[in-house]
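Asker: My structure is below; once you've seen it, I'll send some questions.
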Amino acid sequence: SAVISQKPSRDICQRGTSLTIQCQVDSQVTMMFWYRQQPGQSLTLIATANQGSEATYESGFVIDKFPISRPNLTFSTLTVSNMSPEDSSIYLCSVETTGGLDAFFGQGTRLTVV
Amino acid sequence: DQQVKQNSPSLSVQEGRISILNCDYTNSMFDYFLWYKKYPAEGPTFLISISSIKDKNEDGRFTVFLNKSAKHLSLHIVPSQPGDSAVYFCAAKLPNFGNEKLTFGTGTRLTIIP
């Protein structure tokens, strides 16, 4: 397994502002994934982040709204830009250990936009 | 289009009895399945997984059964304990040598009654 540290754990933000969420892994991983869980719903993949290349976004998510950085094999950030109340969700980073099939999650960031 | 479905949003089970959580999927190309447990304000915790080449995988109190012809999997927890009270998500993957996104079900809230 992998130990994943995500911060902040929660934040309350004003609409129109941006928040950057950090994800740190205790081992090198090829891909990191960013998910969103809206209230009462399941987890939805936002994007997949490869080190050294542009992130790959799922349908309905765009880079301008959710820019992602992946500067090295143990770290990634997700920014939620120009926030509105609809962005209030739990944001989660996830990794698979190299050669593994099982995915592990950080503790999540609970974002509330007011 | 919900490719992974958990039709029971909630389930209550007496402590010590067996908990059975069900999951159905529509995409026959899925070849790897995972179960996660999620407490409020925490990220999902990986529980157990199964490859499509198997029909059963067991790990302590947790057993996952896969019925490929019915596109159905289930998680059995026995004996159920109060600490098992959480939301359980099943997830599925397409074959891609790992590093493939997870498609999640909508979750089942399990409550263990002391």
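The values are calculated or read from the model by the stated rules, or taken from the named source; none is laboratory data. The structure displayed is predicted, hence computed values, not measured ones. A quick note on method: Cβ atoms are made from the backbone with ideal geometry, for glycine too, and the neighbour counts reach across all protein chains shown. Calculation scope for accessible area: heavy atoms of the full protein, side chains included, ligands and nucleic acids excluded. Shrake-Rupley method; radii C 1.70, N 1.55, O 1.52, S 1.80 Å.
Asker: Among the strands (runs of 3 or more DSSP E) contained in the range B:1-55, which hold 2 or more residues that are at the interface with chain A (Cβ under 10 Å from one of its Cβ atoms) and among the hydroxyl-bearing types (Ser, Thr, Tyr)?
Answerer: On the way: elements: B:10-14, B:19-25, B:32-38, B:45-51.
It comes to B:32-38, B:45-51.
Asker: Pairs, please: C-beta under 8 Å, at least 6 apart or cross-chain, first residue at positive phi and within 8 Å of chain A (Cβ to nearest Cβ) and in the range B:79-108, second open to solvent by 60 Å² or more (accessible area, probe 1.4 Å) and at pLDDT below 95?
Answerer: Final answer for the pair search is B:Gly98/A:Gly99; B:Gly98/A:Leu101; B:Asn99/A:Thr30; B:Gly107/B:Pro9.
Asker: Further, regarding this structure: Inspect the range A:25-42 for any residue being part of a loop (DSSP other than H, G, I, E, B), more than 13 Å from every other protein chain (Cβ to nearest Cβ), open to solvent by less than 70 Å² (accessible area, probe 1.4 Å) and among the charged types (D, E, K, R) and give the result as yes or no.
Answerer: Checked against the condition, which is being part of a loop (DSSP other than H, G, I, E, B), more than 13 Å from every other protein chain (Cβ to nearest Cβ), open to solvent by less than 70 Å² (accessible area, probe 1.4 Å) and among the charged types (D, E, K, R), the range A:25-42 yields no hits at all.
Asker: Just the residues that are among the charged types (D, E, K, R) and within 20 Å of B:Met29 (Cα to Cα), please, taken from the range B:53-84.
Answerer: Passing the criteria: B:Lys54, B:Asp55, B:Lys56, B:Lys68, B:Lys71.
Asker: If the requirement is being away from chain B (no Cβ under 12 Å), under 11 Å from the mean Cα position of the chain (by Cα) and among the polar types (S, T, N, Q), which of these qualifies: A:Thr112, A:Thr74, A:Thr79?
Answerer: One residue alone meets the criteria, A:Thr79.
Asker: Taking the range A:43-91, which residues are among the small types (Gly, Ala, Ser), assigned to a strand (DSSP E or B) and surrounded by 20 or more Cβ atoms within 10 Å (Cβ to Cβ)?
Answerer: A:Ala47, A:Ala49, A:Ser76, A:Ser89
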